[in-house]
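Contents: one structure, followed by commentary.
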């Protein structure tokens, strides 16, 4: 289980870095050549960003992660979808990511809590079994002592042990 906890984030990091470096090292796409076209034409290429106010198609600045305000305000920037502005996209992705992280932490907490509860329940069961075994053993010991006393009485050995005075 611990290997999966380490492997998954490492895999996501490698894929993310490969995507960023793959986009930055790719030959420059000519997004600026689509300046006179529509948003749909511009966004056919995933490296392009459409700005509504200037009606221009520009290459997405992957090194800055978010496009700077001088290039295009986030409210007017479109990337991936023409009907959703970049600001709404970022907020939506942040909320979904936050909900997923919270859900993961809640599940993690519940699993740990349930695991502890299960081990406590197991320990209580083992304690009950140990007590039950101890009680049975004491009952058997009492029965054996009673039988031995009856046998001693039958053969007249119920008196004091003759060897006790030497001790």
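Points worth noting:
- Test: residue in the range 104-123 that is within 30 Å of residue 73 (Cβ to Cβ) and surrounded by 10 or more Cβ atoms within 10 Å (Cβ to Cβ): no
- Residues that are over 31 Å from the mean Cα position of the chain (by Cα) and either part of a loop (DSSP other than H, G, I, E, B) or over 20 Å from residue 37 (Cα atoms) (or both), drawn from the range 49-69: 52, 53, 54, 55, 60, 61, 67, 68, 69
- Test result for residue 87, farther than 30 Å from residue 50 by Cβ, in a helix (DSSP H, G or I) and either out of contact with any strand residue (DSSP E or B) (no Cβ under 6 Å at 6 or more places or on another chain) or free of Cβ contacts under 8 Å to residues at least 60 places away in the same chain (or both): no
- Test: residue 46 is exposed (fewer than 14 other Cβ atoms within 10 Å of the Cβ) and at pLDDT 85 or above: yes
- Some residue of the range 70-78 being more than 33 Å from the chain's Cα centre (by Cα), modelled with pLDDT under 95 and assigned to a helix (DSSP H, G or I): no
- Test: residue in the range 124-147 that is part of a helix (DSSP H, G or I), modelled with pLDDT under 90 and either closer than 30 Å to residue 67 by Cβ or under 29 Å from the mean Cα position of the chain (by Cα) (or both): yes
- Residues in the range 54-84 that are without any contact (Cβ under 8 Å) to a residue 24 or more places away in the chain, in contact with a helix residue (DSSP H, G or I) (Cβ under 7 Å, 6 or more places away or on another chain) and surrounded by fewer than 16 Cβ atoms within 10 Å (Cβ to Cβ): 75 alone.
The values are calculated or read from the model by the stated rules, or taken from the named source; none is laboratory data. Nothing here was measured: the structure is a model prediction, and the numbers come from that model. Cβ: placed from backbone, ideal geometry, glycine included. Neighbour counts: every protein chain shown.
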